[in-house]
Amino acid sequence: MIHLITGVAGFIASNLADELLARGEQVIGVDCFTDYYSRELKEKNLASIIKDKNFNFIEEDLLDMDLVELLEGVDYVYHQAAQAGVRASWGSNFDIYTDNNIRLTQQLLEAAKESKIKKFVYASSSSVYGDTDQLPMRENNYLQPVSPYGVSKLAAENLCYLYWKNFGVPTISLRYFTVFGERQRPDMAFHIFIKAILQDKKLTIFGDGEQSRNFTYVGDIVEANILAALSDIRGEVFNVGGAGERITLNETIDIMEDIIGKKAKREYKAVAKGDVRHTEADESKIRKKLDYQPKIDLKEGLKREIQWLKVIYK
Ligand SMILES: NC(=O)c1ccc[n+]([C@@H]2O[C@H](COP(=O)([O-])OP(=O)(O)OC[C@H]3O[C@@H](n4cnc5c(N)ncnc54)[C@H](O)[C@@H]3O)[C@@H](O)[C@H]2O)c1
């Protein structure tokens, strides 16, 4: 089988490529190394993958490619490429989000319409829910994102549904709840906090630290993608949360301190616009329909991320 992964040099997609290659699958990966974070980190993500004889890397901006040609012979598409980040999505930056998140998804779906793909898995986000007190978040909740990023992810998710509904493109959208683990993006909280503790620097928490999240280990996200690709289900949306309960940022930093064996120098600042107070996934749908069972809890996943960051910043 041939699997196409968009944004393959990124955090989640490179972990997905690793797993598919470990299973002996053929993988085509595309990435243009957008400048949201360093190319050096993304090249490290790809370092071992690129040596695999079953991996074919294309360095190009997907918006400039002939996507019909790209999808020829492809069985599964995992559309992970996007402009990530809630806090950077305001103002004139929004153009980057409309291009890489909405326009690109629409172009891929147009190409998918002409193709023989078996499944198109779209990386959606818990940010589509917005700031709600309807917890845990269920797939059929009222959706009202509070960041431009969330709006762009929801627009692309809606496009996936409508290409299924109107043209039979076999899409599934997975709403990831804050992902962590090896290769986590350098703008994400855990990466920033662990790096600060390791380097004895101050770490800044936006808000009182009592905001809570359902954190999901990247290996579990990878598993959910593969389950979604292989299932017969189409045209549906699933939450993908992690093993374990919703937990506050303050408690998470306590766990980091325990694992590293050092105290964090915490500094609290005003809440950032677009940040959501709480997220919590209702996972009953994905557990039931895709037989998804997250395996790695917060403590174990944090140990792995800390180990990886110790090597990156040694
Ligand atoms: N990390 C999370 O917690 C999280 C949560 C919810 C949803 N998501 C979604 O998961 C996906 C992966 O996120 P990530 O955290 O791994 O991000 P990431 O920034 O590490 O990876 C995205 C990759 O896509 C590439 N890319 C972007 N636009 C491109 C284009 N036009 N052509 C070619 N390559 C392009 C970038 O260079 C980057 O390597 C994204 O769709 C994101 O919205 C992530």
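The values are calculated or read from the model by the stated rules, or taken from the named source; none is laboratory data. These figures come from a predicted structure and were not determined experimentally. So basically every Cβ, Gly included, is an ideal-geometry build from the backbone, and we count neighbours across all protein chains shown.
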Problem set entry | Residue under evaluation residue 29, criteria (1) crowded, with 22+ Cβ neighbours inside 10 Å; (2) assigned to a loop (DSSP other than H, G, I, E, B), criterion not met | (2)
For this session: Determine, yes or no, whether residue 245 is surrounded by fewer than 17 Cβ atoms within 10 Å (Cβ to Cβ), of a type in the set (Asp, Glu) and modelled with pLDDT under 95.
Result: yes
Exercise. Is there a residue in the range 184-203 that is within 30 Å of residue 35 (Cβ to Cβ), within 13 Å of the ligand (Cβ to nearest atom), surrounded by fewer than 22 Cβ atoms within 10 Å (Cβ to Cβ) and among the basic types (Lys, Arg)?
Worked result: yes
For this session: Look through 75, 66, 52 and report the one residue that is closer than 19 Å to residue 174 by Cβ and either out of contact with any Pro (no Cβ under 8 Å at 6 or more places or on another chain) or free of Cβ contacts under 8 Å to residues at least 60 places away in the same chain (or both).
Result: 75
Exercise. Is there any pair linking a residue in the range 22-38 that is closer than 21 Å to residue 222 by Cα to one that is more than 16 Å from the ligand (Cβ to nearest atom) and not hydrophobic (A, V, I, L, M, F, W, C), with Cβ under 6 Å and at least six apart or on different chains, and which?
Worked result: 26/54
Seminar exercise, completed: Counting only residues in the range 44-60 that are more than 9 Å from the ligand (Cβ to nearest atom) and of a type in the set (S, T, N, Q), the one nearest to residue 312 (Cα to Cα) is identified as 48
For this session: Could you grab me the full set of residues in the range 151-173 that are within 13 Å of the ligand (Cβ to nearest atom) and either surrounded by fewer than 24 Cβ atoms within 10 Å (Cβ to Cβ) or at positive phi (or both)?
Result: 151, 154, 155, 157
Exercise. If only one of 68, 74 is more than 21 Å from the chain's Cα centre (by Cα) and closer than 23 Å to residue 237 by Cα, which one is it?
Worked result: 74
Problem set entry | Condition broken by residue 76, with the remaining ones in (1) closer than 15 Å to residue 10 by Cα; (2) more than 13 Å from the ligand (Cβ to nearest atom) satisfied | (1)
For this session: Just name the residue that is nearest to residue 195 (Cα to Cα) out of those in the range 278-298 that are of a type outside the set (Ser, Thr, Tyr) and loosely packed, with under 14 Cβ neighbours inside 10 Å.
Result: 295
Problem set entry | Options 20, 16, 41; residue that is more than 14 Å from the ligand (Cβ to nearest atom), closer than 25 Å to residue 181 by Cβ, assigned to a helix (DSSP H, G or I) and within 18 Å of the chain's Cα centre (by Cα) | 20
